[in-house]
Amino acid sequence: MKHFLLFLFFLLALPGFSQSGFVRRQGTGFTLQGKPYRYIGVNYWYGGLLATQGKAGKARLIKELDFLKKQGVTNLRVMVGAEGLNHGYKYRVPQPLQTEPGKFDENMAVGLDYLLAELDKRNMKAVLHFTNTWEWSGGLTQYLEWNGYPATPLPKDPDFVWNKFQEYVAQFFTCEPCKQQVDTYIRYVLARTNTITKKPYLQDPAIMAWEIMNEPRPMTLAATPAFENWMRHTSALIKSLDKSHLVTTGSEGDAASDRKMDVFERVHSDPNIDYLTIHIWPKNWGWFRDTATAKGMPVVIAKAKAYVDSHVAVAQKLGKPLVIEEFGLPRDGQVFTLSSSTKMRDEYFAALFGMMKDHPIIAGYNFWAFGGTARPVPGQVFWKKGDAYMGDPGGEEQGLNSVFDADKSTWAVIGKCLKTIK
């Protein structure tokens, strides 16, 4: 018996043994505790913010996690934290983790601790993205402003021009102090110990993967080499600090590089990148006109399948799993009230989920986005300070792409698919 206990103690001390709850990549799939791991998950970008909102915020978080667990949805894609104070941009996340370069709000960090602790209780997993291409959470534009660049061109400004915004963001990839500040941010997060569970983040199996950022884009053709260099640098930094967790990009696919698939392939061929990601946005990409969703549905589904197929081919070439980690569709007629139908969205979700049977290399989905128990405010289109967070960021119509806990038909579609991948 004595020898057995000594042997057991030795096994428990081994890194691989103690990390049995970590998601691993094995060839073109994931494993969890030695079994295949495939999932349908959600985007829950604001999950780490809820516990910072007092008892009500914590109660909402617990209720929503219990709901997701009951539905069989146990994988959440979450923002690590926002950057910078909003300084008058009313649609920006007002609760930043990084308030100034290298200065972090402990209260916000504890909010993420709380989320991870609750996920751990429920054997749920988080995919955590560090920063963002888009201004609604600070992101790359905040680092530029911190380093003396002019104010960010904002999408709601009357003189906003998309090409000017692209050119502005592209400057990040040659801004050395900007990139160093992102490194500092990453080092801060990876060095953290959860104040609730006392687990170092590096040893926390509630974390499935780190994402470099939400929707990385070179933005301009000229910036592409610098963009690719920065992506390689950042993936190497994360892997040098964390040997336990998966790393991925957060990429939309070739839509992020003007349909240049070679850029997508090179970024994901990096040995420090464990799996490929894509996003699909029919409305944003002009696959249907205005509110004519039903009329455009055959085109939407055909184009979505073709988009998946083309990226599946790259995943097969690289021998890595593919996750479809963002996709959404407005409620029918783009009406935001919960009484409105989601028939078209349900059809779209079912079509995408069905592709997993034809393409075993598709390892998971994270649909956009969980709105939980929040509700759109009648007569109000955009988010206002004090409103409940939901799946749609502040500058987007509140309720446009959110899947709420009351959307029974959508949850039925999700549940039906989950039965086929168990």
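The values are calculated or read from the model by the stated rules, or taken from the named source; none is laboratory data. Just so you know, these numbers come straight off a predicted model, no measurement behind them. We place every Cβ from the backbone using ideal geometry, glycine too, and count neighbours over all the protein chains shown. Just the protein is used for accessible areas: all its heavy atoms, side chains included, with ligands, DNA and RNA removed. Shrake-Rupley method; radii C 1.70, N 1.55, O 1.52, S 1.80 Å.
So here's what we get for this one:
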{"quantity": "Residue ID - nearest to residue 247 (Cα to Cα), chosen from residues in segment 195-234 that are among the small types (Gly, Ala, Ser) and buried (at least 21 other Cβ atoms within 10 Å of the Cβ)", "calculated": "209"}
{"quantity": "Candidates 355, 390, filtered to the one that is more than 19 Å from the chain's Cα centre (by Cα) and open to solvent by less than 20 Å² (accessible area, probe 1.4 Å)", "calculated": "355"}
{"quantity": "Hits in segment 252-297 - residues which are polar (S, T, N, Q) and open to solvent by 20 Å² or more (accessible area, probe 1.4 Å)", "calculated": "269, 272, 284, 291"}
{"quantity": "Set 73, 110, 127: member being open to solvent by less than 40 Å² (accessible area, probe 1.4 Å), among the β-branched types (Val, Ile, Thr) and not in a loop (DSSP other than H, G, I, E, B)", "calculated": "127"}
{"quantity": "From the options 148, 81, residue that is out of contact with any Lys or Arg (no Cβ under 9 Å at 6 or more places or on another chain) and open to solvent by less than 10 Å² (accessible area, probe 1.4 Å)", "calculated": "81"}
{"quantity": "Candidate set from segment 358-404 (those that are among the aromatic types (Phe, Trp, Tyr) and assigned to a loop (DSSP other than H, G, I, E, B)); member that is nearest to residue 29 (Cα to Cα)", "calculated": "368"}
{"quantity": "Yes/no for residue 313 being open to solvent by 10 Å² or more (accessible area, probe 1.4 Å), aliphatic (A, V, I, L, M) and either over 19 Å from residue 371 (Cβ atoms) or part of a helix (DSSP H, G or I) (or both)", "calculated": "yes"}
{"quantity": "Any hit, segment 378-388, residues being of a type outside the set (A, V, I, L, M, F, W, C) and in contact with a Lys or Arg (Cβ under 8 Å, 6 or more places away or on another chain)", "calculated": "yes"}
{"quantity": "Subset of segment 126-169 (residues that are without any contact (Cβ under 8 Å) to a residue 12 or more places away in the chain and closer than 30 Å to residue 365 by Cα)", "calculated": "162"}
{"quantity": "Residue satisfying all of: in segment 358-387; free of Cβ contacts under 8 Å to residues at least 24 places away in the same chain and either crowded, with 24+ Cβ neighbours inside 10 Å or among the charged types (D, E, K, R) (or both); farthest from residue 48 (Cα to Cα) among these", "calculated": "358"}
{"quantity": "Check on residue 42, among the β-branched types (Val, Ile, Thr), part of a loop (DSSP other than H, G, I, E, B) and in contact with a strand residue (DSSP E or B) (Cβ under 8 Å, 6 or more places away or on another chain)", "calculated": "no"}
{"quantity": "Members of segment 70-119 that are touching a Ser or Thr at 6+ places or on another chain (Cβ under 6 Å), in contact (Cβ under 8 Å) with a residue 40 or more places away in the chain and of a type in the set (D, E, K, R)", "calculated": "113"}
{"quantity": "Single residue of segment 319-341 satisfying the filter (under 22 Å from residue 77 (Cα atoms) and charged (D, E, K, R)) that is surrounded by the most Cβ atoms within 10 Å (Cβ to Cβ)", "calculated": "325"}
{"quantity": "Flag for residue 224 being touching a Pro at 6+ places or on another chain (Cβ under 7 Å) and modelled with pLDDT of 95 or more", "calculated": "yes"}
{"quantity": "Where a residue in segment 194-208 is within 9 Å of residue 120 (Cβ to Cβ) and its partner, wherever it lies, is open to solvent by 10 Å² or more (accessible area, probe 1.4 Å) and assigned to a loop (DSSP other than H, G, I, E, B), with Cβ under 6 Å and at least six apart", "calculated": "205/21"}
